[in-house]
Amino acid sequence: ATGTGAYLLTTVTAPGTDDFTIECYINTDAASNGTQDGIFAINASTGGFQSNTNNQIRFTLGRAGGGGQDGGLEVNINGTAVDCGSNDIIQEGTWHHVAVTRASGTVKIWVDGVEKGSGTAAGDVTGTTFITGYYDGLYTFQGFMSNFRYRKGTAHYTTTFTAPTKPLERTSDTELIFAQSSHNPSNGF
């Protein structure tokens, strides 16, 4: 997505209260301008755009603790926010592997294989609408995304890891996989 109206809207199996891993590569050109950009959301809105946090998982750039933050990341599950707590986690013009995992109610945010935020968010998300590039109709992602995967039932990352350098592969618990490339994401594909 380039942030100019391009997004993926589809349906997936609801996350419920299960463990999950949602990951992708992002390269933004709007990390330092104080704006908030949606990376993805899973919610109950058939159009994908939902401004409140009820029955929703949303992952945003430039947001922490309810406000704007340059280069910060936040995941919100049913109104419970977990964030990285600092600026400049994501730099503009650089590819970063980002992942959100939930294991037994503990949610973690990973950037380039390093845990950057952790908290408890065990909320039940019964919505099945998946959208990239937004978290509601106002906050579009400005930049590029690659190698996106949603795994339901598994918190794949639990300790520091080396970010994948090959296209992500479908596993038995993969709900959704797209924007796969035979090229390294750092090449811009």
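The values are calculated or read from the model by the stated rules, or taken from the named source; none is laboratory data. All values derive from a computational prediction rather than experimental measurement. Here the Cβ is made from the backbone with ideal geometry for all residues, glycine too, and neighbour counts use every protein chain on show. With ligands, DNA and RNA removed, areas are computed over all heavy atoms of the protein, side chains included. Shrake-Rupley method; radii C 1.70, N 1.55, O 1.52, S 1.80 Å.
Can you tell which of Ala179, Ala44, Ala99 shows the greatest fluctuation in a Gaussian network model of the chain with Cα springs below 10 Å?
In this elastic network of the chain, the residue with the biggest mean-square fluctuation among Ala179, Ala44, Ala99 is Ala179.
Determine how many Å³ per residue the convex hull of the Cα atoms of the chain encloses.
96 Å³
Using the heavy atoms of the protein chains and a 1.4 angstrom probe, tell me the accessible area per residue for the chain in square angstrom.
40 Å²
Measuring from label point to label point, each 7 Å out along Cα→Cβ, what is the Asp18 to Glu92 span in nm?
For the pair Asp18/Glu92, the computed spacing is 3.9 nm.
What does the highest-first list of 158-164, 71-77 look like by mean Cβ count within 10 Å?
Per-residue mean Cβ counts within 10 Å order the peptides as 71-77, 158-164.
Need the full-extension length gain, Thr11 to Thr159, defined as separation in residues times 0.36 nm minus the C-alpha distance. One decimal, nm.
Length gained between Thr11 and Thr159: 50.3 nm.
Determine, for each peptide in 118-131, 14-27, the mean count of other beta carbons within 10 angstrom over its residues, then list the peptides with the highest first. Present the calculation step by step, with values, prior to reporting the outcome.
Details: 118-131: 17.4, 14-27: 20.5.
Top to bottom by mean Cβ count within 10 Å: 14-27, 118-131.
Which of rounded, prolate or oblate describes the range 87-165 when judged by the alpha-carbon gyration tensor and an a/c cut-off of 1.5? Write down the numbers at each step before the final one.
On the way: a/c = 1.61, a/b = 1.08, b/c = 1.50.
Oblate is the answer for the range 87-165, as a/c is 1.5 or above yet b/c matches or exceeds a/b.
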